[in-house]
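Enquirer: Sharing a structure, written as structure tokens. Questions coming.
The values are calculated or read from the model by the stated rules, or taken from the named source; none is laboratory data. None of these values were measured; they are calculated from a predicted model. Counting neighbours? That spans all protein chains shown, and the Cβs are built from the backbone with ideal geometry, glycine included. When the accessible area is computed, the model is the full protein with side chains, heavy atoms only, and any ligands, DNA or RNA have been set aside. Shrake-Rupley method; radii C 1.70, N 1.55, O 1.52, S 1.80 Å.
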Amino acid sequence: MREIIPIFIFTLLPFILQAEDGHSFWLRANNTAPVEVICPKKSATLRIAEQELRQGWQGKANEKITLIVKNDNSLKNDGFRLAKNRIQANTDRGILYGVYEMLRRQQTGQPIDEEVCNPSYQRRILNHWDNLDGTIERGYAGHSIFWRKGADAFVVTESYKRLWQEYARANASIGINGTVLNNVNASPSILTADYLQRTKAIADVLRPYGITTYLSINFASPQVIGELKTADPLDPDVVNWWKEKVKEIYSLIPDFGGFLVKANSEGQPGPQDFGRTHADGANMLADALAPFGGIVMWRAFVYNPSDEDRAKQAYSEFMPLDGQFRDNVIIQVKNGPIDFQPREPFSPLFGAMKKTAVMPELQITQEYLGQSVHLVFLATMWEEFLKSDTYRFGKGSTVARCTDGSIFSQKYTAIAGVANIGSDVNWCGHHFAQANWYAFGRLAWNNSLLSEQIADEWIKLTFSDNSREGEIAVENSIYSPDWQVNFLQPVKQMMLNSREAAVNYMMPLGLHHIFAADHHYGPGPWWAPEGVRKDWTPPYYHQADTNGIGFDRTASGSNAVNQYHEPLRSLFSDPKTCPDIYLLWFHHLSWNHIVKSGRTLWNEMCYRYDMGVQQVREFQQIWDEVESYVDEERFVHVQSKLRDQAINAQVWKDACLLYFQQFSKLPIPGDIERPVNNLKDILSKDRKRKNQ
Ligand code: GCW
């Protein structure tokens, strides 16, 4: 990064921070000088590119910037070539991304040198779990911005169009180029005329920003809305029904992207209902979409209440099908083998399917990470995942390289993120949750970016004020050493530590899925009501008893380790070499087992839970200390969320330690703060909440 040029900090003028509601995402800056933009080609996308440059320009006055669309073999897909006064790309989209990159660099004080920037993945897609009645599954930031129920459900108002446009702009600014508008638990109605018309209206607004529209479909649609007797993918009437439906969609949306499918999972219909395989189902849809260039993103998130360890099931189901899928099918695999937990090892499907295209699915919405209450920056988790070495093709076969086409070629490469966006003014409910939306886009564009850099950029773009008084930087400018030392550094550190803190106070040492009931927010290691599927209850995952705790996934247990390639298989199999972070994921160990720190497992758990609480208390202090650098609106909002997070972290620690202590029968080490909640009270609150 460029050296910061010493500039006087102008402190004499009365300084008032403008209240901010977060709606502008990182696109907050107004230009500091006029700029002349020359763009010989004309299109709706290029018009946006020109306008963004004029509006956000932070360079010198009266500079000239040229935007050139021309073929260049060193550029891939949406890539662009950046130079001081010029952006060149193969496509209009590429120019738009180049413009946002230029603005980002200006606003973060990075140099604009000659550079080629190509995206890691061709398709960088948001998945909205938005239901057609306007609710959002696992959404914590208001209602759907796309769907609503009631008499006005299909009225496309100007204010909707404005909202969709702002949404499209925000996404384009971080390189996202596709969006799935509805929940994977899909209502068949999405394919009826009214919903398709609305989808068209949305697609029309998103298109100039380079955003391709996709839909989730319900596999039983031909039966439910088509009145066919079956949805069997090999039945000619069914095949034909989908062909006609796809034709209808493309007549409305000529650049439609394709379908996302959750089939035979958690009660959703699928090809197995008719004795067919996932490949039969996916290929039938793929054939219907192929003539139009559409793709199928077929989810590997499948598991059933069976004797097989849930962590193994996706691999068992999909590996035998490797090589059977059409080339416009991509298998969409969640980062971990279970379900977006605060920490999981990577899914063993990455790198294992060699003849089938695979794409990662990340979750931006914090279903299992404090939702829109806890400050948890997810880039560190995604970086850990993308850098995980699968060893499938020797050392260095990271998940990133196994999915972006570097190791083996796929016709299409893609990555998806389950969106955390809703109708809340700041889009995401928590100001810091925007950092996760931002980080997803940045990593989808460049899967080797470091979380530290992403956090650095995001803080600068979101909280600094780079306006100048002549040549003098104002307070809160990224050029102010005071701002850097007293705001940027501590806030960045807080973000970078936040995911580990959440793991500590929720489920350290490889514990997973010990949430209460089905809201996935607070602790509930005890939760196992009669009649509920065992694989939906925490005791299935933690297996605590008087002998110890943890899920034995070694050869003496479920043998899930066997789905990993050597040397990982051996590394994970032995508790001495298994990284502490995955210890109880792979092993059932005695309470007195000695871990790497030299402590007993029980004591280590106590330390970790306590450390998580202490970390959140530190975040509160950090935030209070930066008060003068943040406008009141955002300061107060985040401060109050941090208070809730601290209360919750304490409850997590107390609930888990007091519950597990019933099995370990060991004391909490003397130097650790005592629980302040009684297990009895936590349990009774939990029960009351459920009865409400
Ligand atoms: O994480 C689980 C969620 C479900 C979700 C499912 C999935 C959309 O709890 O709400 O359903 O995963 O990914 O399909």
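Enquirer: Every residue in the range 408-453 that is in a loop (DSSP other than H, G, I, E, B) and within 16 Å of the ligand (Cβ to nearest atom), please. It would help to see each step written out before you state the result.
Expert: Filtering the range 408-453 down to residues in a loop (DSSP other than H, G, I, E, B) leaves 408-413, 419-430, 446-450.
419, 420, 421, 422, listed by residue number.
Enquirer: Can you run down the residue pairs with Cβ atoms below 6 Å, 6 or more apart or on separate chains, where the first is in the range 128-148 and more than 17 Å from residue 199 (Cβ to Cβ) and the partner is within 15 Å of the ligand (Cβ to nearest atom) and β-branched (Val, Ile, Thr)?
Expert: Partner pairs satisfying both residue conditions: 138/365.
Enquirer: Please enumerate the residues belonging to the range 129-151 that are within 11 Å of residue 421 (Cβ to Cβ), open to solvent by 10 Å² or more (accessible area, probe 1.4 Å) and within 11 Å of the ligand (Cβ to nearest atom).
Expert: Answer for the range 129-151, where residues must be within 11 Å of residue 421 (Cβ to Cβ), open to solvent by 10 Å² or more (accessible area, probe 1.4 Å) and within 11 Å of the ligand (Cβ to nearest atom): 129, 136, 139.
Enquirer: Hey, can you tell me all the residues within the range 354-367 that are surrounded by 22 or more Cβ atoms within 10 Å (Cβ to Cβ) and either charged (D, E, K, R) or in contact with an Asp or Glu (Cβ under 8 Å, 6 or more places away or on another chain) (or both)?
Expert: Once the filter is applied, which keeps residues that are surrounded by 22 or more Cβ atoms within 10 Å (Cβ to Cβ) and either charged (D, E, K, R) or in contact with an Asp or Glu (Cβ under 8 Å, 6 or more places away or on another chain) (or both), the range 354-367 yields 356, 357, 361, 367.
Enquirer: Among 126, 82, which is of a type in the set (A, V, I, L, M, F, W, C), within 16 Å of the ligand (Cβ to nearest atom) and in a strand (DSSP E or B)? Reasoning before the result, please.
Expert: Details: 82 fails: within 16 Å of the ligand (Cβ to nearest atom).
Going through 126, 82 in turn, just one is of a type in the set (A, V, I, L, M, F, W, C), within 16 Å of the ligand (Cβ to nearest atom) and in a strand (DSSP E or B): 126.
Enquirer: Working only within the range 516-532, note down all residues that are within 16 Å of the ligand (Cβ to nearest atom) and either farther than 24 Å from residue 619 by Cα or buried (at least 22 other Cβ atoms within 10 Å of the Cβ) (or both). Spell out how you get there, then give the answer.
Expert: Of the residues in the range 516-532, the ones within 16 Å of the ligand (Cβ to nearest atom) are 516-522, 524, 527, 532.
Matches in the range 516-532: 516, 517, 518, 519, 524, 527, 532.
Enquirer: Also: Has the range 131-140 got at least one residue that is touching a helix residue (DSSP H, G or I) at 6+ places or on another chain (Cβ under 7 Å), farther than 25 Å from residue 217 by Cβ and hydrophobic (A, V, I, L, M, F, W, C)? Break it down into steps so the answer makes sense when it comes.
Expert: Of the range 131-140, the ones touching a helix residue (DSSP H, G or I) at 6+ places or on another chain (Cβ under 7 Å) are 132.
Filter once more, keeping what is farther than 25 Å from residue 217 by Cβ: none.
No, the range 131-140 has no match at all.
Enquirer: Shifting gears a bit: Taking the condition of being basic (Lys, Arg) and either in contact with a Leu (Cβ under 6 Å, 6 or more places away or on another chain) or within 13 Å of the ligand (Cβ to nearest atom) (or both), how many residues in the range 336-367 meet it? So that I can check it myself, show each step before the final result.
Expert: Here is the first cut: in the range 336-367, the residues basic (Lys, Arg) are 343, 354-355.
Of the ones still in play, those that are also either in contact with a Leu (Cβ under 6 Å, 6 or more places away or on another chain) or within 13 Å of the ligand (Cβ to nearest atom) (or both) are none.
The qualifying residues number 0.
Enquirer: Quick one: would you say residue 335 is polar (S, T, N, Q) and modelled with pLDDT of 95 or more? Working first, answer last.
Expert: Working: polar (S, T, N, Q): yes; modelled with pLDDT of 95 or more: yes.
Yes; evaluated as a whole, the condition is true for this residue.
Enquirer: Moving on. For the structure I just gave you, tell me whether residue 86 is touching a residue at least 12 places away in the same chain (Cβ under 8 Å) and crowded, with 19+ Cβ neighbours inside 10 Å.
Expert: On the way: touching a residue at least 12 places away in the same chain (Cβ under 8 Å): yes; crowded, with 19+ Cβ neighbours inside 10 Å: no.
Spelling it out, it is not the case that residue 86 is touching a residue at least 12 places away in the same chain (Cβ under 8 Å) and crowded, with 19+ Cβ neighbours inside 10 Å.
Enquirer: So residue 383 ticks every box in (1) in contact with a Ser or Thr (Cβ under 6 Å, 6 or more places away or on another chain); (2) farther than 28 Å from residue 295 by Cα; (3) in a helix (DSSP H, G or I) but one. Which box is left unticked?
Expert: Of (1) in contact with a Ser or Thr (Cβ under 6 Å, 6 or more places away or on another chain); (2) farther than 28 Å from residue 295 by Cα; (3) in a helix (DSSP H, G or I), only one is false for residue 383: (2).
Enquirer: If you go through the range 166-180 one residue at a time, do you hit one that is more than 16 Å from the ligand (Cβ to nearest atom) and open to solvent by 20 Å² or more (accessible area, probe 1.4 Å)?
Expert: Checked against the condition, which is being more than 16 Å from the ligand (Cβ to nearest atom) and open to solvent by 20 Å² or more (accessible area, probe 1.4 Å), the range 166-180 yields at least one hit.
Enquirer: Additional query: Can you name every residue in the range 42-80 that is under 27 Å from residue 203 (Cβ atoms), more than 30 Å from the chain's Cα centre (by Cα) and hydroxyl-bearing (Ser, Thr, Tyr)?
Expert: 43
Enquirer: Then there is this: Would you confirm, using the coordinates I've provided, whether residue 393 is open to solvent by 30 Å² or more (accessible area, probe 1.4 Å) and either within 16 Å of the ligand (Cβ to nearest atom) or hydrophobic (A, V, I, L, M, F, W, C) (or both)? Walk me through how you get there before you give the answer.
Expert: Numbers: open to solvent by 30 Å² or more (accessible area, probe 1.4 Å): yes; either within 16 Å of the ligand (Cβ to nearest atom) or hydrophobic (A, V, I, L, M, F, W, C) (or both): yes.
Considered against the rule, which asks whether it is open to solvent by 30 Å² or more (accessible area, probe 1.4 Å) and either within 16 Å of the ligand (Cβ to nearest atom) or hydrophobic (A, V, I, L, M, F, W, C) (or both), residue 393 comes out as yes.
Enquirer: Can you pull out every residue in the range 52-79 that is in a loop (DSSP other than H, G, I, E, B) and open to solvent by less than 40 Å² (accessible area, probe 1.4 Å)? So that I can check it myself, show each step before the final result.
Expert: Within the range 52-79, the subset in a loop (DSSP other than H, G, I, E, B) is 57-62, 70-79.
Residues satisfying the conditions are 57, 58, 59, 72, 75, 78, 79.
Enquirer: Inspect all residues belonging to the range 266-273 and state whether any of them is of a type in the set (Asp, Glu) and within 15 Å of the ligand (Cβ to nearest atom).
Expert: yes
Enquirer: Then there is this: Taking into account only those residues within the range 368-387 that are more than 16 Å from the ligand (Cβ to nearest atom) and over 19 Å from residue 511 (Cβ atoms), which is most open to solvent (accessible area, probe 1.4 Å)?
Expert: Among them, the one singled out is 387.
Enquirer: Moving on to the next point. Please work out if residue 323 is surrounded by fewer than 18 Cβ atoms within 10 Å (Cβ to Cβ), touching a residue at least 24 places away in the same chain (Cβ under 8 Å) and in the same structural domain as residue 183 (by TED's automatic domain parsing).
Expert: On the way: surrounded by fewer than 18 Cβ atoms within 10 Å (Cβ to Cβ): yes; touching a residue at least 24 places away in the same chain (Cβ under 8 Å): yes; in the same structural domain as residue 183 (by TED's automatic domain parsing): yes.
For residue 323, the condition - surrounded by fewer than 18 Cβ atoms within 10 Å (Cβ to Cβ), touching a residue at least 24 places away in the same chain (Cβ under 8 Å) and in the same structural domain as residue 183 (by TED's automatic domain parsing) - is met.
Enquirer: While we're on this one: Might you check whether a residue that is under 27 Å from residue 357 (Cα atoms) and either free of Cβ contacts under 8 Å to residues at least 24 places away in the same chain or within 16 Å of the ligand (Cβ to nearest atom) (or both) occurs anywhere in the range 65-75? First the steps, then the outcome.
Expert: Of all residues in the range 65-75, those under 27 Å from residue 357 (Cα atoms) come to 72-75.
Next cut, either free of Cβ contacts under 8 Å to residues at least 24 places away in the same chain or within 16 Å of the ligand (Cβ to nearest atom) (or both) only: 72-73.
Scanning the range 65-75, I find at least one residue that is under 27 Å from residue 357 (Cα atoms) and either free of Cβ contacts under 8 Å to residues at least 24 places away in the same chain or within 16 Å of the ligand (Cβ to nearest atom) (or both), so the answer is yes.
Enquirer: So is residue 628 open to solvent by 60 Å² or more (accessible area, probe 1.4 Å) and of a type in the set (Gly, Ala, Ser) or not? Break it down into steps so the answer makes sense when it comes.
Expert: Details: open to solvent by 60 Å² or more (accessible area, probe 1.4 Å): yes; of a type in the set (Gly, Ala, Ser): yes.
Here the answer is yes, as residue 628 does meet what is asked.
Enquirer: For the range 520-575, what are the residues that are farther than 22 Å from residue 316 by Cα, without any contact (Cβ under 8 Å) to a residue 40 or more places away in the chain and not in a loop (DSSP other than H, G, I, E, B)?
Expert: 538, 539
Enquirer: Return yes or no: is residue 120 assigned to a loop (DSSP other than H, G, I, E, B) and either within 16 Å of the ligand (Cβ to nearest atom) or open to solvent by less than 10 Å² (accessible area, probe 1.4 Å) (or both)? First the steps, then the outcome.
Expert: On the way: assigned to a loop (DSSP other than H, G, I, E, B): yes; either within 16 Å of the ligand (Cβ to nearest atom) or open to solvent by less than 10 Å² (accessible area, probe 1.4 Å) (or both): no.
Considered against the rule, which asks whether it is assigned to a loop (DSSP other than H, G, I, E, B) and either within 16 Å of the ligand (Cβ to nearest atom) or open to solvent by less than 10 Å² (accessible area, probe 1.4 Å) (or both), residue 120 comes out as no.
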